[in-house]
Each structure stands twice: as structure tokens, then as C-alpha cells.
1. Helix 61-74: angle to the longest alpha-carbon principal axis of the chain, degrees 0 to 90, nearest 10?
2. So between Ser257 and Glu158, what do we pick up on full extension, going 0.36 nm a residue minus the alpha carbon distance?
3. Taking the DSSP beta bridges in the chain as the whole, what percent of them are antiparallel, to the nearest 5?
4. Treat each spin label as a single point 7 Å out from the Cα along the C-beta direction, and report the Leu276 to Thr6 distance in nm.
5. Helix-only estimate, please: 222 nm mean residue ellipticity of the chain, summing -39500 (n - 2.57) across DSSP H runs of length 4 or more and dividing by its residues, to the nearest 500.
6. How high is the relative contact order of region 88-218, given as a whole-number percent (alpha carbon pairs under 8 Å, six or more residues apart)?
7. 7 Å from Cα along Cα→Cβ at both Val57 and Ala96: what's the point-to-point distance in nm?
8. Aspartates and glutamates near Lys61 by alpha-carbon distance under 12 Å, same-chain residues fewer than 8 away left out - which ones?
Amino acid sequence: MQTYPTGYAESHRIAEQIFREILLRHGMAVREEQIALCHEVLDTLYNKEISLCEAGVGIGKTLAYLVACILWQMHRPSQLKMPVAISTSSVALQDAILNEYLPDLSAVLLSEGIITAPITAVVRKGKERFVCDARLAERQAKAISKGSRQKGSLRMAENVLDLDHIPGLSRYDRCRICVPQSCPRDCFLRLDCRYQQYLRDSMKPDIQICNHNYLLANASHRLEERPLLLRQYQALVVDEAHKLPDAARQMYTETLSAQDMDDLCSLLQQADFKGLSKRLRTVFLTLSISCAPSFAMPKRKISIPFSLTPFR
């Protein structure tokens, strides 16, 4: 006789009820592909597996995996409950999940008695995307000559913590008022700091939402045994996963062009390291030649992997 994890059958039953009855009563159409995707995600979560799902445009994939994650969390033993992490490639989708999908779904499920408390979520971003109250006060004191629009953006930052939601803020001002890489321990606003409060609050929600870059940065912290950026999570949904490789290439690739090297050698020469500059130019020229495609290489072979040979 086959046995299933606790809550498995009940979660699948409630999923059918939600999509075929409850959401239908609230004006949503029944979509078979959406229901099938929800069941697939539930199976993946209960079986502790990895699933790659291709969802066509318009089937409602976001709602499908949100319902699955919520039902799975409902039936988890209380001592094992941890957040679900959702990674997306766009700020727009993050905002939609936080401000549209989850509030609407939470209200419907509460009214129908499926859940007993509102679903909570938080968007996790790098600290450079948030306002530092101390730096904002300092910047406002120096912004006497600013235009009315720029002053308005700085005033808005007094009440809006997320820099992505402050229109008209110049890149220069953004860099001047964002949270620094290292917060000083003696900051006079530390006790009332909105960013510190945000960090405390971000430990509580059921769902953590981030972008692919933040997810990969968290993975790097884990490998290097540094403090994690995301709270320990029990399940991960990577939405728009086809864009994850691009994010990985962006984060983990180091580029060095001939112009970069030329600029570096010029700076070394100006700093009276002429011998080092000359040797570096020679070495980089040798490296460039060794990386150049061989004339004997077949034309169909467009590129070759770089390998660090003794010569290179």
C-alpha cells in the first residue's frame, strides 16, 4: 500500500477546490494548465524534488505556484516551518507578487476559511537599494541649490524606504543617500533606523521575494560561510528561470579588455612604476596573442573555451 506525506492528499484536494470553485466565485476562469502546474509544484514540494516547469503565457503560473506553496506550508509541522523563497528576474514581478497576487489571494482564502491568518511576504534587496536616514539628512542639508523636482524626491525619501519607488531621484543622489556597505556602530540614528527595522521585520514573513542576482549572492555567502542574505528557507521557486544563467554570467564573470589593461598600465606609469607597467603590457600582449584564434582552426568553430595553460 502506497503512503503519502502528511497533508499531501488534503493539499491536492484543496487546490482543486480553490481553482475550480473558490476562484471561480471570485471572477476568475478555470484553467486546466494552471491547475496541472499547481499539482506539479505540490508533488515537487512534498517529494523534496527539483522540477523544471514550462508554462505558457496566460495560464497564470504565478498564482499556481503561490497556491501550492501556501498549501504546502499549511500542512508543515510547526517546528519545521521556514519561509518559501521566490526569485524573479524583474522588479515589476516582485512588486506584483507583493502588492497584487498575495494580498488578493490572502483575502480570498481568508474569506473562504482556507487560511486563518493573512499571508505575509517581504521583498529582499541589496542594501544599496534602501534609504539611509543619516545620509539622507546629510544630503538634504547640502541640497539647497537643488531643483524643486530633486528636492521633492529627497523629501519623498523621508517616508519611502525603497529607492526603486522614488521617482525623479538622480543617480548621484541615489548613491549619496543609499545604505552604505558598512553601517557605523556609533550612528546617531541607529535605534530609529528604518533600514534596521526593515531587516528585523524581514525575518518574520512566510514568503521571501528576491531577484536572481540576490539569490546567487546568497548562494555565494553560503559557500564562503559568510552571513546569509536570505533567511534560511525550506523551498525555492525560481520564476523566469531561463534568465538565471544570464544573471549568473553577470555576477560571476570577470572581464578585462585591452583598453582596461592600457588604462591600468598608464596609471602605473604615472605613479612611477614604469618598469612594472612595461612588463605588464608585454605579458598582456603575450596573453592576447595566445588567445587569438588559430588560422588553421575550422571556420565553423566560432569560439573555444579559455584554458589556463602554462604559457598563458
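The values are calculated or read from the model by the stated rules, or taken from the named source; none is laboratory data. The shown structure was predicted, so the numbers you read here are calculated from the model rather than taken from an experiment. With ideal geometry, Cβ positions are generated from the backbone for all residues, glycine too; neighbour counts draw on all protein chains shown. For accessibility, only protein heavy atoms count, side chains too; no ligands or nucleic acids. Shrake-Rupley method; radii C 1.70, N 1.55, O 1.52, S 1.80 Å.
1. On a 0 to 90 degree scale, this one is about 70.
2. Length gained, Ser257 through Glu158: 31.5 nm.
3. Expressed as a percentage, antiparallel bridges in the chain total about 15.
4. For Leu276 paired with Thr6, the spin-label model returns 6.3 nm.
5. Estimated from H runs of four or more residues: -13500 deg cm²/dmol.
6. Rounded, it is 38 percent for region 88-218.
7. Placing both labels 7 Å along Cα→Cβ, they lie 1.2 nm apart.
8. Cα-Cα hits under 12 Å: Glu32, Glu33, Glu40, Asp239, Glu240.
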